[in-house]
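Derivation of every value follows stated rules applied to the coordinates shown; laboratory data play no part. Predicted model only: the values in this text are computed from it and were never measured. Backbone-built Cβ (ideal geometry, glycine too); neighbour counts: all protein chains shown.
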Amino acid sequence: MTKNTTKSLPGKTTIARVEPCDDTLSGRGGLALFARYLDRLGLRGPLLELFGGLRKNQKGRPVWETLVQLFCFFADGTSRHLVHFDLLKQDPGYAAVLETTTDKLLSSHQVKRFFRAFNFPKALLFRRLLRRLFLWRLKLEAPSVVVLGLDTMVMDNDEAPKREGVKPTYKKVKGFQPLQLTWGRLIVDALFRSGDKHSNHGDDAAAMLTANVRAIRAHYRADVSILVRMDAGFFDAKLFAALEALGVGYIGGGKLYDDVRSFAESAPAGGWRRLKKGKVEWEWMEFADRRGSWNQFRRAFYCRLAVDGSGQRRFEFARPDSVIYTNLGMGGAVDHSFRAAGEGARLKAPNIVAEYHHRGADELCHRGLKDFADEELPFKHFAQNAAWYYTLLTAFFLFEAFQEDVCAPAVPVTAYPTRVRRAVIDIAAKFVRHAGEIILKIARPVWQDLDFGRLWKRANAPPMFART
């Protein structure tokens, strides 16, 4: 038998050994884009105006630097634990990405002290900042109709140690349940609340909508048409009346009372119409309804699912029914506003039903927020967790704006944060000092794939944040 003389020889591509190096390297090279974007945005003044008083002496880190590092921590998303700040503090590559030095990076103890300075009223100052950011993006996009979504979001803290404000929620987990106002992909206002606060608790919803509607009309356009979409959790005549008094259109879910259900069951077959979106198909009929405590009739629609998303037709006993209430198309001042804006089609019955079923898109930003950061909050006290939550919301808003203003040529604007991180943030980078300058070097294939030079130019010239 012939002897096998083949030998396994070490090739030129085989790793012979591993050694540490002293070069300044980073696996988050794209985070430099976000840090530069924040620096050029013009946020420093408004942040110092709102939160400058948190710094009691000159020993701690400046408030602006602290908040930028927190925003970058959320944008990075590598870890969601406070102790990760201690690891980052030892990384000169991470410091170089943020255009600072390791001695100026935050430690976990500094982060804890920063949030310990917040009480609940101070945490609510972030709502002013979010509103200013909202108006900034609103002026950039200049829509003829501002469509707002109102909903709550359960933050599951069931497995966390005991937290102040963690209460049972309707999703059968213990946590927080903030009320959030959305505009497209953005969460533009929020009220941090304990888990037992239902959707329309107190006057929270009416107060939030009133404040934002007035801000839109004062700082964007006084005559702009505004539409609010809500689910059945906000079915309340007082809330409807408040929106009608503001001259705002609304489309909201209602409760399936027995008399409404009986009316629908007795309706003739010819009274039903069909609405189709993809494979999903609904049957609907229009009527006017006046509940016992109401002083007026409101336009209403009874909807029942005929064909689900899999194309399967539903039997009557197995299909979910819903009721929709609106003030659109009733001949009031709201209708004139929509027609003047060239949006008269929104007043038609099929479009109202379709608009309500598009409400699920409002929840995509909630899903994006949970993809962006952890639901479990790190502190035991309610006020500190509120401040952490609002910092997270602000970072998420800025990240979404960064995605549109900087990353749009490389990643779709609708992409979730994880995809943006993998494609743009988590790239290898090397920092080199040459001729008195610091040069950020990116591997050529990645540079060409992302057109990194173009992204860097966009990060250096964002649409300036205008103080409102």
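Straight-line reach from K279: which aspartates and glutamates have Cα under 14 Å away, leaving out those fewer than 8 places along the same chain? Excluding near neighbours in sequence, the set is D308. Pick out, from A428, L31, H336, the residue whose Cα sits farthest towards the positive end of the charge dipole of the chain, with +1 on the Cβ of Lys and Arg and -1 on the Cβ of Asp and Glu. Positive-most Cα among the choices belongs to A428. Once the Cα-Cα distance is subtracted from the 0.36 nm per residue extended length, the T14 to R422 segment shows a gain of 144.1 nm. Ordered by the count of other Cβ atoms within 10 Å of each Cβ, fewest first, H434, H366, H84 give H434, H84, H366. Exposure proxy ranking for D156, D371, D258, D23, based on other Cβ atoms within 10 angstrom of each Cβ and starting from the fewest, stands as D258, D23, D371, D156. Take the Cβ atoms of R273 and R339, set R0 to 22 Å, and the FRET efficiency comes out at 0.40. Using the Cβ-Cβ distance between D223 and V446 with R0 = 56 Å, the FRET efficiency computed as 1/(1 + (r/R0)^6) comes to roughly 0.70. Residues L106, L243, arranged from fewest to most other Cβ atoms within 10 angstrom of their Cβ, appear as L106, L243. Residue separation of A232 and E286 scaled by 0.36 nm, minus their Cα-Cα distance, works out to 17.7 nm of gained length. Bridgeable lysines around K59 (alpha carbons under 30 Å apart, same-chain partners fewer than 8 residues away excluded): K89, K104, K112, K122, K380. What separates the Cα centres of segment 250-280 and segment 399-439 is a distance of 48 Å. Distance between the pseudo-spin-label points of A361 and K380 (7 Å out from Cα toward the beta carbon): 4.6 nm. When Rg and the Kirkwood Rh are both derived from Cα coordinates, the Rg/Rh ratio for the chain amounts to 1.05.
Can you compute the FRET efficiency between A142 and R40 using 1/(1 + (r/R0)^6), with r the Cβ-Cβ distance and R0 = 22 Å? Round to the nearest 0.05.
Efficiency computed from Cβ-Cβ geometry: 0.50.
The sum of -39500 (n - 2.57) across all DSSP H runs of n ≥ 4, divided by the residue count of the chain, sets its helix-only mean residue ellipticity at 222 nm to -11000 deg cm²/dmol. Look at the dipole of segment 122-370 built from charges on Cβ: of S322, I216, G149, the Cα furthest out on the positive end belongs to I216. Pairs over the 30 Å Cα-Cα cut-off, from the set K167/K238; K167/K370; K430/K457; K238/K277; K139/K370: K238/K277.
Taking the Cα centre of the chain as origin and assigning +1 to Lys and Arg Cβ atoms and -1 to Asp and Glu Cβ atoms, the resulting dipole is close to 800 debye. When Rg and the Kirkwood radius Rh are both evaluated on Cα atoms of segment 172-252, their ratio Rg/Rh stands at 0.98.
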